[in-house]
Amino acid sequence: MGYSSRMKAAVALIISGVLLLVGGIFWAWKDSHPTDHPGFLPQRAPRALRLPALSPQTPPATEGLPSENNTTAIVHPGGTTHAGNHSQPFNALEQGVFWARALERALPRGFSDEYTLHWQEFARMASVVAMEKGCGRSTNRLVTLSDGSRACVRYGINPEQIQGEVLSFYLSRLLGLHTVPPCILSKVGGSQWAQVHGELGGTGWTPGSLVTITPWLYNLSSVLPPLALRAQDGKLHPLREELRWGHAGVVELAQWGDLILFDYLTANFDRLVSNLFSLQWDPRVMLRGTNNLHRTPDGTLVLLDNEAGLVHGYRLRDTWDKYNGQLLGTVCLFRRGVVRRLRELYLSRKAAEELHALYAAREPLAADLGTLTEQEAQILQDRVGVIYRHVQTCQGKYS
């Protein structure tokens with residue numbers, strides 16, 4: 001190869017190298033500066049989202065014990081709390097026996113009227129599309145409704161248990177208590193059950209019998225009895241003694257007072273009363289969860305499975321009233337609204353009449369199931385009187 005040829009080749013190599021270098025710089029610059037245009041979105045590292053701190057509507061439910069630094073959470077209007085010195089009394093009461101209005105506003109809302117009416121209307125129209133064992137007794141079923149939600153179906157050994165479940169619910173609404181889940185009646189084998197007709201034979205249910213349907217609740221936790229009811233010797237102490245100093249558990253304690261009044265009124269023996277009964281052979285029963293009582297994440301104490309209330313409970317009251325009366329004697333703390341309704345029912349002497357009217361207006365199958373007999377209606381009225389006179393006794397003692 002001649003000199004001129006070698007020079008041309010060298011120049012060509014130099015030019016090629018320069019072009020490769022410039023091209024590399026261009027592509028490096030292009031990748032580090034992507035062009036946004038339709039169809040192309042540059043990938044970016046995900047950004048951590050900071051959620052604002054949410055102020056709870058109710059203070060956290062505790063077992064009522066002060067913290068080790070001797071401070072407690074004091075409830076204020078709006079549900080906010082701040083650490084208070086345990087040496088300062090907490091003004092949880094008004095007139096000695098009524099919960100402070102600010103504390104009542106901090107109570108969980110439970111099953112609101114709006115939610116209850118909406119769920120009942122839907123549940124009556126919905127179809128049962130699947131069913132499985134669950135919800136307690138072997139004759140009960142956990143079902144899936146046509147919108148994918150789930151519900152508990154309870155089949156009573158006898159009709160009085162179904163009456164107890166549904167009438168206890170309506171009595172709770174009559175008193176302004178929102179801790180009993182919504183409840184409807186359904187007739188086995190009706191159009192609501194068409195999609196699972198083939199499975200009904202394995203339930204043992206009598207065709208045409210009435211069952212109750214209630215919403216299946218998620219994320220429930222067990223509930224220990226309050227400290228006031230956990231004495232090692234089995235004796236109960238007045239609940240108001242627990243309120244000498246404030247603590248976060250006072251919101252839960254207020255709900256316990258409602259529960260005890262309600263279970264006395266219905267003569268329900270299948271909740272806390274069964275715990276008291278079991279103390280005679282199991283001294284640690286009060287350190288375990290209470291039967292048919294659970295807590296929702298917002299702190300509502302939910303009164304489940306009320307089949308033992310009213311009809312069934314009234315028939316067996318001679319056996320269990322010793323314990324229901326013992327529990328009633330521990331409560332001298334009341335919500336004004338509940339006492340107001342009890343006073344109205346006591347003075348009018350129409351407790352059963354008002355219950356029947358509400359039940360008939362809201363439950364299409366009420367006439368098929370029936371309601372309280374005249375004797376049972378009188379028992380209800382008498383128990384309203386017992387509670388009302390007990391409130392008066394408490395007022396005379398503490399107001």
TODO: On each of the three principal axes of the Cα atoms of region 345-391, give max minus min coordinate, whole Å, ordered largest first.
DONE: 36, 19, 13
Task: TYR398 accessible area, assembled protein chains, probe 1.4 Å, Å² - done: 50 Å²
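At most 16 other Cβ atoms within 10 Å and a DSSP loop assignment: could you name the chymotrypsin sites (Phe, Trp or Tyr not before Pro) in region 129-211 that fit?
none
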Open item on the list: Show me, for region 150-158, the HN-Hα J-couplings you get by feeding each phi into the Karplus relation (A = 6.51, B = -1.76, C = 1.60, θ = phi - 60°), rounded to Hz, glycine and proline as x.
Closed with: 10, 8, 9, 10, 10, 10, x, 4, 9
Open item on the list: Please give me the summed charge of the neighbours of LEU142: other residues whose Cβ is under 10 Å from its Cβ, Lys and Arg +1, Asp and Glu -1.
Closed with: +2
Open item on the list: Loop-only trypsin sites (Lys or Arg not before Pro) in region 307-355, please: DSSP not H, G, I, E or B, and at most 13 other Cβ atoms within 10 Å.
Closed with: ARG349
Task: Whole-Hz couplings from phi, Karplus 6.51/-1.76/1.60, listed for region 129-134; x for Gly and Pro - done: 10, 7, 8, 8, 5, x
Task: Summed side-chain charge close to PHE98 - residues other than PHE98 whose Cβ falls under 12 Å, Lys, Arg +1, Asp, Glu -1 - done: +3
TODO: Let me have the relative contact order for region 136-201, percent, based on Cα pairs under 8 Å that are six or more residues apart.
DONE: 17 percent
Open item on the list: Using alpha carbons only, how many angstrom separate the centre of region 338-399 from the centre of region 258-325?
Closed with: 19 Å
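Relative contact order of region 115-259: what whole-number percent is it, with Cα pairs under 8 angstrom and at least 6 residues apart?
On the way: 186 pairs, mean separation 31.3, N = 145.
After rounding, I find 22 percent.
The values are calculated or read from the model by the stated rules, or taken from the named source; none is laboratory data. Note that this is a predicted model, so its numbers are computed, not measured. All Cβ positions, glycine included, derive from the backbone under ideal geometry; neighbour counts span all protein chains shown. Remember, those area values only see protein heavy atoms, side chains included, never the ligands or the DNA or RNA. Shrake-Rupley method; radii C 1.70, N 1.55, O 1.52, S 1.80 Å.
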